[in-house]
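Student: Sharing a structure, written as C-alpha cells. Questions coming.
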Amino acid sequence: MHSSTTPSVTNDVINLKSQEPVTKEQIYADGRELGFADNAIRVMEKRYLIRNEEGKVIETPKGMYRRVAKALATVEARYGAKEAQVREWEEKFYTVLSRFEFTPAGRTVTNAGALTRLISNCIVLHFDDSMESIFATLRDAALLQQAGSGLGFAWHLLRPAGTVTVASRGMASGPVSFLHAYNTAFGVIKQQGRHGANMGVMRVDHPDILEFIDCKRKEGEIVNFNVSVSLTDEFMKAVKSDSKEPWLCEWKGTKMKPRMIKRNNRGVYVSHEDVTLTARELMDRIVEAAWTNGEPGVLFPDAANRTNPVPHLGRLEATNPCGEQYLHDGDVCNLGSINLAQFVQNGAIDEARLRDVTRLATRMLDNVIDISDFPAEKVNKRFRENRRVGLGIMGFADMLYQLHVPYNSPEGFATAERVMKIVNDASHEESEAVAQQKGVFPHWEKSIFGPHGQNRLQRNAALTTVAPTGSISMLLDCSSGIEPFFALAYFKENIMGGDSLTYFNKYFEAELKRLGLYTKELVDDVVKTGSIQHRTDLPEDVRHTFVTAMDISAEDHIRMQAAFQKHVDNSISKTINFKNSATRDDVRNGYI
C-alpha cells in the first residue's frame, strides 16, 4: 500500500466576504432551533461565529456547522470523490455536528472554511543543545504561539547550568534560564491578544531538576507555562522501595548528583553545589511544590514510550500543554470529541450509533489535516508524515447521570472501559478503511503498524486521546472530558470578556421533578454548596448517582482514568480534586 501524498495545503474557503451581518435575534432563534442553551449561544457568538472586517457576526449557528461540514467534505474531492459524493459527506458531517454528537476542536470550528489559516492546538518542539537551535526554535514557537497553538518543550535536552561551552568558552546558563526567556517572549505575544498555552517538561534525571521543580515557587514569575517532571521507571522503583542510595542524574552518559544552582539578581549563573538525596527525598520535594501551588505535574515517559507508534523517530520527550498528547519534535495532534451525553436512549447506551459517529468523526479529523497550515515548515512536514488524530470524548458524566450509574463505582469504571473500547476500535477500523482509499500515513512502513509490526493498514499514526474539552463542552452544555461534574450548580465568572454564566444540572433538575422533590429551598442550597451529599433527606440512590468531583476520592479519580486508558492510544488529561485539607501524603499517594 502506497503512502499518501498530500495535495496542495490550502484551507477550502467558503465565500464569506459577500455575506451580510446577522442580528442577535437571528442567532438566538437559529441556535435554539438546533437545541442550544442560551448560555451556549453566548459562548458561540463570542468565540466561534465568523465576523466580517468590521467585527459584525455574519453567520448563524446552522451556518457555522454548514461551513465546517462543507470545508471538511470538500477534502474528499482531492481523493477522487465526485460532486454528489462530496455533498453526501457534507450532509453526514453536518448531521453529527448539528445533533451535538461530535465536534472538532474549537480552532477547527472557528477557522475551517474561513479566511484565517487553520491550525491545531497541540504541538511539541525540540531544540538541539546549541544557542542557534534554541533561538531558531523560539522563532518557530513565537509564530505558532501567535497563531494560537499550544506548545510543549523538553528542557532536559539542554546541558546543565555551569557546563563549559566550547564556542564561547563560558559557562552554560542552563535550561531554566532559557525557560524564563521563552516565558518572557510568550508574554509579549499574549499582550497582542493571540496566544496558546505551553508545557515545560524536564526528566527527573537531569542535573538541574531541583531548580526546575522550584521554578514556579515565586508566584507570577513563570506565568505562560505549565511545568511537569518526567518520572522514569527507575526513579519510581527507587521511590517505592525507599532506596537509601543517592539519586544520580545523568548528562551525556556521565552520572552526577542533582545540583542547587546559584544565580545573581539578574538571573545569571554564578555557581552550583552538588546535593546528596535519595529518590524518596527528591520525590518529597516534588510533592511539596505540588502541594503548595499545584505544580509541577508529573509525566511517566517510559510508559508513554512503550506504546510509541513511530519509534524510529526517537523517544517521546514532552507533551502538549494539557498532557494528553506525547508528540515527537514538530508533531501535531488535531483534536475532536464525541459527546457521550447524546448516546443514551431509553436508559441504555446506543452502541451502534456510537460506532457510526466515531467512524465519521475519524474521517472528519483526518480531513482537517489536509486543510491545516502552520507558520513553521517543520511542523507542516511532520504533521503530514504521521497524520495523528486526537479523537476523544466528553459528556461522560452526563451519560452516567442518565444511566443512574455512580461515577465512583465498579459499574461506572466498567462503563468507561466499555464506551472507550467502542470508540477506539471503531476509530482504528475507519483509519484502516480510509488508508485503503487514500493511502497510509508516510511513516507507516517503519511504524508499529507496518509490515514488521502489526502489518495493519492505518491512515493515522495514532487516533484516540482524551483532552480537556473546556469551551466545546460549554458549547454543547456537557461535562468536560472524562471528568465528573464539578458541581450540580455553579457560576462561571469573567469568561470571554467578562461575562458570568449560571449553570444548574439539567439531569439533576429533571430527577428532582420526577420524584416530586424540586423545591426552591433545595435549589438555593445546591447553588450555594454545589453538592447534595449532606442532604440526608434525599433518597440514597439519588445521592449516590449525583456525585460531583469533590465527593469522589483521589483513588477513584485515578481508577476512572485507568479504566479509560486501557483503550486510549495516547494519554488523558485528568484532574484529581483534593479538598483544601489534603495533606502532602495525599498528593504523594496520588502520584504513586
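The values are calculated or read from the model by the stated rules, or taken from the named source; none is laboratory data. A quick note: this is a predicted structure, and the numbers were derived from the prediction, not measured. For neighbour counting, all protein chains shown are included, and Cβ atoms are generated from backbone atoms with ideal geometry for every residue, glycine included. Note: areas computed on protein heavy atoms with side chains; ligands, DNA, RNA excluded. Shrake-Rupley method; radii C 1.70, N 1.55, O 1.52, S 1.80 Å.
Student: What full-extension length gain, to one decimal in nm, is calculated for ASP356 and GLU288 as 0.36 nm per residue of separation minus the Cα-Cα distance?
Tutor: On the way: separation 68, 0.36 × 68 = 24.48 nm, distance 4.68 nm.
Here the answer is 19.8 nm.
Student: Could you compute the FRET efficiency for LYS218 and VAL164, with r as their C-beta to C-beta distance and R0 at 30 Å, rounded to 0.05? Write out the running numbers ahead of the final one.
Tutor: Values: r = 29 Å, r/R0 = 0.97.
Working from the Cβ atoms, E equals 0.55.
Student: P(r) tail for region 367-460, what percent of Cα pairs lie past 18 Å?
Tutor: Result: 58 percent of Cα pairs exceed 18 Å.
Student: For the chain, which cysteines have no second Cys with its Cβ under 4.7 Å from theirs?
Tutor: By the Cβ distance rule, which asks for a partner under 4.7 Å, the isolated cysteines are CYS215, CYS249, CYS322, CYS478.
Student: For TYR94, what accessible surface area do you get with a 1.4 Å probe? Give it in Å², rounded to 10.
Tutor: We get 30 Å² for TYR94.
Student: So which trypsin sites (Lys or Arg not before Pro) in region 217-271 pass both tests, a DSSP loop state and at most 16 other Cβ atoms within 10 Å of the Cβ?
Tutor: Passing both the DSSP loop test and the Cβ count: ARG217, LYS218, LYS244, LYS252, ARG266.
Student: Hey, if you drop one equal point scatterer on each alpha-carbon of region 249-372 and run the Debye formula without solvent, what base-10 log of I(q)/I(0) do you get at q = 0.19, 0.20, 0.22, 0.23 Å⁻¹?
Tutor: One equal scatterer on each Cα of region 249-372 leads to -1.28, -1.31, -1.34, -1.34.
Student: Related question: Could you compute the FRET efficiency for GLN454 and ILE592, with r as their C-beta to C-beta distance and R0 at 41 Å, rounded to 0.05?
Tutor: Between GLN454 and ILE592 the formula returns 0.80.
Student: Among the aspartates and glutamates, which fall within straight-line cross-link reach of LYS381, defined as a Cα-Cα distance under 15 Å, with same-chain neighbours fewer than 8 residues apart omitted?
Tutor: ASP140, ASP329, ASP331, ASP370, ASP373
Student: Set the bar at 28 Å for Cα to Cα. Now go through LYS70/LYS421; LYS237/LYS566; LYS506/LYS528; LYS92/LYS513 and name every pair that lies beyond it.
Tutor: The pairs that break the limit, which is 28 Å between Cα atoms, are LYS70/LYS421; LYS92/LYS513.
Student: Accessible area per residue of region 300-364 at 1.4 Å probe, in Å²?
Tutor: Per residue, region 300-364 has an accessible area of 31 Å².
Student: I'd like the accessible area for ASP128, computed on protein heavy atoms only with a 1.4 Å probe and all protein chains in place. Round to 10 Å², please.
Tutor: Around 110 Å² of this residue is reachable by solvent.
Student: Let me have the 222 nm mean residue ellipticity of the chain computed from DSSP H runs of 4+ only, each contributing -39500 (n - 2.57), with the sum over all residues rounded to the nearest 500.
Tutor: Mean residue ellipticity, 222 nm, calculated: -13000 deg cm²/dmol.
Student: Using a ≥ b ≥ c from the Cα gyration tensor of the chain (square roots of the eigenvalues), is it rounded, prolate or oblate, where a/c under 1.5 gives rounded and otherwise the larger of a/b and b/c decides, a/b for prolate?
Tutor: oblate
Student: Averaged per residue, what accessible area in Å² does region 65-156 show with a 1.4 Å probe, protein chains only?
Tutor: 35
Student: Moving on. May I ask you to give the percent of accessible area on the chain that is carbon plus sulfur, with a probe radius of 1.4 Å?
Tutor: 49
Student: Name the aspartates and glutamates eligible as straight-distance cross-link partners of LYS579: C-alpha to C-alpha under 19 Å, and not fewer than 8 places from it in the same chain.
Tutor: Those aspartates and glutamates meeting the cut-off are GLU288, GLU295, GLU483, ASP551, GLU555, ASP556.
Student: Measure up LYS257/LYS574; LYS218/LYS574; LYS218/LYS252; LYS252/LYS574 against 29 Å on the Cα-Cα distance and list the ones that go over.
Tutor: LYS257/LYS574; LYS218/LYS252; LYS252/LYS574
Student: Over the chain, calculate the relative contact order: mean separation of alpha carbon pairs under 8 Å at least 6 apart, over the residue count, as a percent.
Tutor: 15
Student: If you don't mind, another one. So who's got an amide H within less than 5 Å of the one on VAL298, skipping anything under 5 residues away but keeping other chains? H placed 1.01 Å off N, in plane.
Tutor: VAL229
Student: If one computes the Cα centroid of region 418-485 and of region 53-94, what distance in Å separates the two points?
Tutor: 22
Student: Next up: Using amide H atoms built 1.01 Å from N in the peptide plane, name the residues 5+ places from GLY392, or on other chains, whose amide H lies under 5 Å from its own.
Tutor: Under 5 Å from the amide H of GLY392: GLY336, SER337, ILE338, THR465.
Student: Within 10 Å, count the other beta carbons around each residue, average over each peptide in 570-581, 328-339, and list them highest first.
Tutor: So the order, starting with the most tightly packed, is 328-339, 570-581.
Student: Could I have the simple spin-label model distance between ASN346 and THR184, label points 7 Å from Cα toward Cβ, reported in nm to one decimal?
Tutor: Here the answer is 6.6 nm between the modelled labels.
Student: Also, quick follow-up: When the convex hull of the Cα atoms of region 77-151 is projected onto a plane and the area is averaged over all directions, what value comes out in nm²?
Tutor: 7.2
Student: Where does the charge balance sit around ASN505 when Lys and Arg score +1, Asp and Glu -1, over other residues with C-beta under 11 Å from its C-beta?
Tutor: -3
Student: By what distance, in whole Å, do the Cα atoms of region 239-316 stretch along each of the three principal axes, largest value first?
Tutor: The Cα atoms of region 239-316 stretch 45, 29, 29 Å along the principal axes, largest first.
Student: Given H placed 1.01 Å from N in the peptide plane, which residues other than close sequence neighbours of VAL344 have an amide H under 5 Å from its amide H?
Tutor: For VAL344, whose amide H was placed from the backbone, the distant partners under 5 Å are ASP350.
Student: If I take the Cα coordinates of region 150-301 and project them onto the principal axes, what are the three extents in Å, biggest first?
Tutor: Extents along the principal axes: 51, 38, 26 Å.
Student: Might you report the magnitude of the Cβ-based charge dipole of the chain about its Cα centre, with Lys and Arg at +1 and Asp and Glu at -1, to the nearest 20 debye?
Tutor: Charge dipole of the chain: 1120 debye, to the nearest 20.
Student: With a Förster radius of 60 Å, plug the Cβ-Cβ distance of LYS24 and LYS566 into 1/(1 + (r/R0)^6) and report the FRET value to the nearest 0.05.
Tutor: In this case the efficiency is close to 0.85.
Student: At 0.36 nm per residue, and after removing the present C-alpha to C-alpha distance, how many nm does the segment from LEU115 to THR529 gain when stretched out fully?
Tutor: 144.5 nm
Student: With every protein chain left in place, what is the accessible area per residue of region 447-592 in square angstrom, probe 1.4 Å?
Tutor: 47
Student: Report the extension gain between GLU132 and GLU250 in nm, rounded to one decimal, defined as 0.36 nm multiplied by the number of residues separating them, less their alpha carbon distance.
Tutor: The GLU132-GLU250 span can extend by a further 40.1 nm.
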